[in-house]
Amino acid sequence: MASEHYFSEDPDSARHERTLSVELAGSRVSLQTLSGTFSPEGLDRGTAALLRHVPPPRGQTMVDVGCGWGPLALTMAMMAPEARVYAVDVNSRALEACASNATALGLSSIEVFSPDQWQEHSPAPGAIDTLWSNPPIRIGKPALHELLRTWLDRLAPEGEAWLVVSKSLGAESLLRWLNTEHGGAFYATREARDKGFWILRVTRQAD
């Protein structure tokens, strides 16, 4: 798969389905992936690192930004069945795969959205209690900063975001940026290091 496809809206690569056996939220599940999405061969190392260290999700409104075929969104829904989980991605095949996996696991609390659809159907601004993301670092720093700025602004006052970023792809500089963006409106910390990945927690600064 060409790397550019996973953050394309409509991948033009040949369509292939793959069945994976993956452990999520302590359960072994069978899931489907599609070519032209992020890491269709299996759970990528960054997402696996985040899942090893992130605490249980809190609140009633949860978001997986850059959901791919859904490991983070599925995990949140499995761990917090009463919450509403929104899986967001620009890639149409990713949304299709994530929705299919949610249905296969009986997770009716998951809704899949493109960023544009979020604008039309999302909950009220400032309503996200928990945000998990393995953000698409390779889209470039300006686009990445704009993506994170947009979603962090949607956190609830007590909400928190958990991100995983490779140290070799700029985790340290991203941590500095998170702590200076919006005049210091957010507070970011490195909560763990795992095989070259940094696990970052972001919250709003207290007034």
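The values are calculated or read from the model by the stated rules, or taken from the named source; none is laboratory data. The shown structure was predicted, so the numbers you read here are calculated from the model rather than taken from an experiment. For neighbour counting, all protein chains shown are included, and Cβ atoms are generated from backbone atoms with ideal geometry for every residue, glycine included. The area values use the complete protein model at the heavy-atom level, side chains included, leaving out ligands, DNA and RNA. Shrake-Rupley method; radii C 1.70, N 1.55, O 1.52, S 1.80 Å.
Summary table below
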quantity	calculated
Candidate set from region 21-51 (those that are of a type in the set (Ser, Thr, Tyr) and surrounded by fewer than 21 Cβ atoms within 10 Å (Cβ to Cβ)); member that is nearest to Met78 (Cα to Cα)	Ser27
Residue pairs meeting the criteria (Cβ under 6 Å; at least 6 apart or on separate chains; first within 14 Å of Glu111 (Cβ to Cβ) and surrounded by fewer than 22 Cβ atoms within 10 Å (Cβ to Cβ), in region 79-98; second modelled with pLDDT of 95 or more and among the aliphatic types (A, V, I, L, M))	Ala83/Met62
Segments classed as strands (runs of 3 or more DSSP E), wholly inside region 44-136, with at least 3 members that are within 17 Å of Ala156 (Cα to Cα)	61-65, 84-88, 128-133
Index of the failed condition, Ser108 passing every other in (1) surrounded by fewer than 18 Cβ atoms within 10 Å (Cβ to Cβ); (2) within 17 Å of Met62 (Cβ to Cβ); (3) in contact with a strand residue (DSSP E or B) (Cβ under 9 Å, 6 or more places away or on another chain); (4) not basic (Lys, Arg)	(3)
Search result, residues across region 56-75 that are of a type in the set (A, V, I, L, M, F, W, C) and either within 14 Å of Phe113 (Cα to Cα) or in contact with a Pro (Cβ under 7 Å, 6 or more places away or on another chain) (or both)	Met62, Val63, Val65, Cys67, Trp69, Ala73
Residue list for region 119-158, filter: open to solvent by 20 Å² or more (accessible area, probe 1.4 Å), hydrophobic (A, V, I, L, M, F, W, C) and farther than 17 Å from Trp177 by Cβ	Ala124, Ala127
Looking only at region 52-78, and only at residues there that are open to solvent by 20 Å² or more (accessible area, probe 1.4 Å) and under 26 Å from Glu17 (Cβ atoms), the one that is nearest to the chain's Cα centre (by Cα)	Gly66
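Conditions tested, residue by residue: (1) within 25 Å of Gly196 (Cβ to Cβ); (2) of a type in the set (Gly, Ala, Ser); (3) touching a strand residue (DSSP E or B) at 6+ places or on another chain (Cβ under 9 Å).
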position	(1), (2), (3)
Asp44	yes, no, no
Met76	yes, no, yes
Tyr86	no, no, yes
Val90	no, no, no
Arg93	no, no, yes
